[in-house]
Amino acid sequence: MSVGLLLVAWELYANYSGIKPTILPAPSRVFEQAILNREALVDNAIPTIRATLIGFAFSLGAAFALSMLVDFFQPLRRALFPVFIVSQTLPLVAIAPLVVLWFGFGLTPKIVLVALVTFFPMLVALVQGYEATEAEIGQMLRAMGAGRWRVFMLARLPSALPYFFAGLRISITYAVVGAIFAEYAGAAKGLGIYMLNAKNNFRPDLVLAAVGVSAALTLVLFGLTVLLQRLAMPWERAAGRQAAGKGPQA
Amino acid sequence: MSRLGLRRVRKAFGGLDVLADISLSVDAGEFVSILGPSGAGKSTLFQLLTGAEHGEGEMIFDGAPLDDHGRHFAFMPQRDALMPWRRILDNTTLGLEVQGVGRKAARARVAPLFAEFGLAGFERHFPAQLSAGMRQRAALLRTVVQERDMLLLDEPFGALDALTRAAMQRWLEQMWRHHRWTALLITHDVREAVFLSDRIYVFSARPARVVREIKVPLPRPRDRTGTATRQAGALEAEILDILLNLQPSRGHDHD
Ligand SMILES: Nc1ncnc2c1ncn2[C@@H]1O[C@H](COP(=O)(O)OP(=O)(O)OP(=O)(O)O)[C@@H](O)[C@H]1O
Ligand SMILES: [Mg+2]
């Protein structure tokens, strides 16, 4: 809705304010050009998607592994967290060219950058989620004879799921941007490099078309996480139905 | 024959004395309650029994020092501690699962109890879809099906409204007569303690010590009608009087 209004206002402004399309193209023109250049856009979106997904997969694996490590060995937490926090304060603009310098123009620097920007929200969410486990559940499981690993798998991990998905949703919105930044700093192909070239050729309409594609990618990924959460946490929706007043009585 | 015996059990958290001097015993097949003011240290005693915390003093089970806590007790925490992500059926089999019983065998063992616990038809529901009373019954089912030597129940009905609580007490008394579990129950409801127990220990405020041990000589089955009612009423009044006249906590006193 609000996006629609914004587009209408933009369209009107671009058409009637006398501003040149080489400065601010109207959305209709961006859309037209996007259709015309769809092959190049798709061609360049594919490496970006690949970098995003692979980088994100690494990040996900690292976040789970480290969160578990930190959960099982509490002292590590104090040692490692400052490092993670510093990793989040690094300005992407400065770090992206360095990562490309170290890892070349291939897929690796993109994976590294995507992982770097997406890893922290998931790690923090997981660690916080484990901590949120109800103390009584832990005590009960130990009274049943469960060891630490059992308690983790039966209680701490499922307790962390809502937190994890909250972190995942934040991370996924950074992921595409991370990949584009890496490409901006140096790549043969990709939405980032496409934007750079379009800008250098004074084609803001094509820059915006690429922005639109990256936004659409992010939206799709975001939608996937929402879907995944529904599938992974069916009890949440059951609880929602109960709140709506259709539940059984004692 | 004494199953559980505690002698001079003490516990402090940092500088905070919580249990000052607890000695009590529970016989096989006996239903014993602990009554005491809020914050006295009642749940802390269960933490010691289940091995979640370590204290001082002697804890004896069946004549031997209590060490393998996991083997003796089926513990029901103060809040129902049902796992929101598990269906009721899977919540009730949790203890068996931890014991290593296979999923099929565990389900076969809990299934016949669902009707008795008033949960038939709700096996596939999530805890959030049940009423408070049903959740407590599910938690109780999860506890008793473990078939441990003894039940530790921490205010199983504390969160319920008065009507549901009375119904649940009646139901639990019936169940207990049928199964003869050895049980230790924490409550701060005097009527509940009198209605359910063979014996009652009254705890002081923190740091807790046993201020009184009371036998409940009322005949079973118990109901809240007939001549026994007056006797129960007198007992309740006596206990309430003890609770209300508890001296304010003496803090550092360690005699
Ligand atoms: N793990 C812990 N660490 C520090 N203090 C604790 C811990 N567990 C309990 N305490 C303290 O011990 C005291 C007694 O708590 P406990 O839960 O045993 O009381 P209770 O008798 O069960 O009260 P209630 O009837 O309200 O449940 C409280 O002051 C509490 O803050
Ligand atoms: Mg308590």
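Worth a mention:
- Helices (runs of 4 or more DSSP H) completely within segment B:25-129 that count 1 or more residues being away from ligand 1 (no atom under 16 Å from the Cβ) and without any contact (Cβ under 8 Å) to a residue 60 or more places away in the chain: B:69-72, B:88-92, B:94-99, B:103-110, B:113-116
- Count - residues of segment B:176-225 that are buried (at least 23 other Cβ atoms within 10 Å of the Cβ) and of a type in the set (Ser, Thr, Tyr): 4
- Only one of the numbered conditions (1) buried (at least 17 other Cβ atoms within 10 Å of the Cβ); (2) at the interface with chain A (Cβ under 8 Å from one of its Cβ atoms); (3) at negative phi is violated by B:Ala81, and that is (3).
- Here is the figure for segment B:129-147: residues that are over 17 Å from the mean Cα position of the chain (by Cα) and either open to solvent by less than 10 Å² (accessible area, probe 1.4 Å) or of a type outside the set (Gly, Ala, Ser) (or both) total 3.
- Criterion: farther than 21 Å from B:Ala183 by Cα and surrounded by fewer than 23 Cβ atoms within 10 Å (Cβ to Cβ) - qualifying residue of B:Ala64, B:Ala159, B:Ala115: B:Ala115
- Qualifying positions in segment A:38-48 - open to solvent by less than 60 Å² (accessible area, probe 1.4 Å) and either of a type in the set (A, V, I, L, M) or more than 17 Å from the chain's Cα centre (by Cα) (or both): A:Ala40, A:Leu41, A:Asn44, A:Ala45
- Filter result (more than 13 Å from ligand 2 (Cβ to nearest atom), buried (at least 17 other Cβ atoms within 10 Å of the Cβ) and of a type in the set (D, E, K, R)) within segment B:3-54: B:Arg3, B:Arg10, B:Lys11, B:Asp17, B:Asp21, B:Glu30
- Restricting segment A:120-159 to residues that are among the hydroxyl-bearing types (Ser, Thr, Tyr) and out of contact with any Gly (no Cβ under 8 Å at 6 or more places or on another chain), the residue that is farthest from the other protein chains (Cβ to nearest Cβ): A:Tyr130
- Taken over segment A:163-211, residues that are of a type in the set (D, E, K, R) and under 18 Å from the mean Cα position of the chain (by Cα) amount to 2.
- In segment B:152-255, counting only helices (runs of 4 or more DSSP H) that sit wholly within it, the ones holding 1 or more residues that are closer than 30 Å to B:Gly14 by Cβ and touching a strand residue (DSSP E or B) at 6+ places or on another chain (Cβ under 7 Å) span B:228-244.
- Some residue of segment B:105-117 being within 12 Å of chain A (Cβ to nearest Cβ) and either in contact with a strand residue (DSSP E or B) (Cβ under 7 Å, 6 or more places away or on another chain) or modelled with pLDDT under 90 (or both): yes
The values are calculated or read from the model by the stated rules, or taken from the named source; none is laboratory data. Source: prediction; values computed, not measured. Please note: Cβ atoms are built from the backbone with ideal geometry, for glycine as well, and neighbour counts cover all protein chains shown. Heads up: the accessible areas ignore ligands, DNA and RNA and are worked out on the full protein's heavy atoms, side chains in. Shrake-Rupley method; radii C 1.70, N 1.55, O 1.52, S 1.80 Å.
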